Amino acid sequence: MVAGNGRELSPRLVDRLRIELTPEQEAAARAGQAERVQLDIRPHAPNSVKGLASDWLNWLAFCLHYDRVVLPSAFADVVQFIDIMIACGRKKATLEHHLWSITQMNWRCHCPDPMDGQNAQGWWRGRVRDKLSGEQKQAKPFGLRAVEQATTWLRDADSPRPTRRAKKTDHQVVEVAQRRRDLRDAALINTAYDLMMRSAELVSAEWGRLTWASDGSGTYRFGKTKTDQVGTGVLRYLRPETMNDLDAWRAVAGPSPFIFHAVRERDADHEPRPVPASITSGTERERYQWPPLSTQEVGVIFRRSARLAGVKVEHLSGHSTRVAGAQDMVEAGATNAEVQQAGGWKDPRMPAKYAGQPEAKRAGERRFRKLQRLRHPDD
C-alpha cells in the first residue's frame with residue numbers, strides 16, 4: 001500500500017503479532033468470551049482488569065520487538081521477558097503481577113500455563129533469591145499534626161496564595177475558584193485521614209453515605225471496597241472538625257453526588273456533562289456526567305497543600321494518610337487488630353508493615369527500659 005505522498009505504508013503493528021492458536025483453542029476462546037459477555041461474567045474487579053491490560057500490553061510489545069509468539073506463551077520467552085524487566089529495575093511485586101497476567105490470558109485461550117512446571121517454579125525461586133527483594137517502598141506518612149497544619153492553612157482565607165495569571169477582569173473569578181478548591185482540599189485531607197481511605201475509595205465517596213450526629217461528628221458508610229466486594233456497609237467515624245470542613249465544602253460544591261470533584265472557574269463544574277448514548281450502565285453514566293477526581297489527583301492535592309502550608313513532609317502519595325493513620329494509632333497504643341479493623345485490611349500483614357516504624361520504636365524502648373535494671377540492679 002502506498003500513501004498519498006508516495007511513501008509505502010507499514011502494515012498495522014497488530015498484524016505482525018504472532019498468535020499461533022490451534023483452531024480448537026481459537027474456537028474455545030471465542031466461545032468462552034461470548035459466554036462471559038452473554039452472562040455478564042466479570043471475575044475481576046475494574047482495577048484488576050486495568051492492571052491485567054497494562055501487563056498484557058508490555059508482553060505484546062516484547063513479542064513484537066523480539067518476534068516471539070504471543071499465544072501460546074512459551075516458558076523460554078517468559079524467562080527472557082522477566083529478565084529484561086529485572087534488568088530495568090522492576091520490583092518483585094510488579095513481576096509477579098505480570099506473570100499472573102500472562103497466565104490468565106493463556107488460560108482464557110485454553111493454552112497451557114507457561115509457569116506450570118518444576119523448571120518454571122525453580123527458575124522463579126532462583127530469580128527471587130539471587131536478583132530480587134521482597135522489600136517495597138512505603139508511602140511517606142501524612143500524620144495528624146501535619147494534617148492539622150495543612151487544613152488550618154487551607155481554611156484561612158487570608159493566607160497568601162499563588163494563583164494563575166489572569167486578566168484584571170478575571171481576578172475575582174480566579175480567586176473564588178481557588179477558595180472553593182481550598183475548602184475541598186481541607187475536607188478531602190481530613191476525610192482521608194479520619195477514614196484511612198484508599199485513594200480509589202476517597203475519590204468514589206458520595207454525599208449520600210454521610211451521616212451527621214448531634215455532637216457535630218459523623219459517620220461514613222462504605223459500599224463495596226477492595227476487601228469487601230460484597231458491600232456489607234461498614235461504618236467509620238469522622239471528627240467534628242472534618243464534618244465542619246465537609247459542611248463548608250458542600251455549601252459551594254455544587255450538585256455532584258460525589259464529594260470530591262474538580263473545581264472549575266465560574267462554577268462550570270455545577271453543570272453535568274452530556275452522556276453518550278453508548279454508555280448504558282447507570283453507575284458509569286453518573287460517573288461520566290459528574291466526573292469525580294482521579295486517584296492520581298489525591299497525591300497531588302496532598303503534596304500541594306503540604307508545600308503551601310509549610311509542612312515538611314516529602315514524597316507524599318495518595319496512600320500517605322492511610323499509612324499515617326496506622327502509625328499514629330500504634331504510637332497512641334492501639335493493637336495491630338484495632339489498626340486492621342480501622343483501616344479495613346483483610347490481611348493483618350499490611351497494617352503490621354505500615355506500623356513497622358512505631359512498633360520497632362516501641363519494642364526497642366521497652367527492651368532498653370528493662371535493660372536499665374542491669375545498670376541499677378537495686379532500683
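General remarks:
- Here is the list for segment 339-376: trypsin sites (Lys or Arg not before Pro) lying in DSSP coil, each with at most 11 other C-beta atoms within 10 angstrom of its C-beta, are K346.
- Cα-projected label distance for Y237 with A332, points at 7 Å along beta-carbon direction, nm: 0.7
- Karplus 3J(HN,Hα) series, Hz, for segment 235-247 with 6.51 cos²θ - 1.76 cosθ + 1.60 (x for Gly, Pro): 9, 9, 8, 10, 5, x, 4, 5, 5, 4, 5, 5, 4
- For the chain, the dipole from Cβ point charges (+1 on Lys and Arg, -1 on Asp and Glu) about the Cα centre works out to 960 debye, to the nearest 20.
- Environment charge at E206 (Cβ cut-off 10 Å; Lys +1, Arg +1, Asp -1, Glu -1): +1
- Relative to the longest principal axis of the Cα atoms of the chain, the long axis of helix 118-131 makes an angle of roughly 40 degrees.
- Loop-resident chymotrypsin sites (Phe, Trp or Tyr not before Pro) (DSSP state other than H, G, I, E or B) in segment 74-103 with no more than 12 further Cβ atoms inside 10 Å of their Cβ are absent.
- Anisotropy class of the chain from Cα gyration tensor, a/c 1.5 cut: oblate
- Taking Cα atoms only, the orientation of helix 75-87 departs from the longest principal axis of the chain by about 40 degrees.
- Fully extending the segment from L57 to F75 would add 4.7 nm, taking 0.36 nm per residue of separation and subtracting the current Cα-Cα distance.
- Counting only lysines at least 8 places from K91 when in the same chain, those with an alpha carbon closer than 17 Å to its own are K131, K137.
- Full extension of the chain between L17 and R375 gives 121.6 nm of extra length, using 0.36 nm per residue less the Cα-Cα distance.
- GluC sites (Glu not before Pro) restricted to DSSP loop in segment 58-165 with at most 10 other C-beta within 10 Å: E135
- With Cα atoms, 0 to 90° folded angle of helix 171-195 axis to the chain main axis: 80
- Using the Cβ-Cβ distance between A87 and A352 with R0 set to 41 Å, the FRET efficiency works out to roughly 0.80.
- For the pair Q289 and D215, the difference between a 0.36 nm per residue extended length and the Cα-Cα distance amounts to 23.2 nm.
- Spacing of the two label points (7 Å from each Cα toward its C-beta) at R264 and R30, in nm: 4.4
- Dividing the mean sequence gap of close Cα pairs (under 8 Å, 6+ apart) by how many residues the chain holds gives a relative contact order of 15 percent.
- Note on V37 and K131: their simple-model spin labels are 3.9 nm apart, each label 7 Å out from Cα toward Cβ.
- Rounded to whole Hz, the Karplus (6.51, -1.76, 1.60) HN-Hα couplings of segment 54-67, x for glycine and proline: 5, 4, 5, 4, 5, 5, 4, 5, 4, 4, 5, 5, 9, 6
- The relative contact order of segment 13-131 comes to 34 percent, based on Cα pairs under 8 Å that sit 6 or more residues apart.
- Segment 144-362: C-alpha gyration tensor shape, a/c 1.5 cut-off, then a/b vs b/c: oblate
- Alpha-carbon radius of gyration plus Dmax, which is the widest Cα pair, for segment 13-131 in Å: 14.9, 46
- Mean residue ellipticity (222 nm) of the chain, computed from DSSP H runs ≥ 4 via -39,500 (n - 2.57), nearest 500: -17500 deg cm²/dmol
- Listed peptides 323-329, 52-58, 176-182 by packing density, highest first (mean Cβ within 10 Å): 323-329, 176-182, 52-58
Bear in mind that the values in this text are calculations on the coordinates, not laboratory data. Keep in mind that what you see is a predicted model, and the values were worked out from it rather than measured. All Cβ positions, glycine included, derive from the backbone under ideal geometry; neighbour counts span all protein chains shown.
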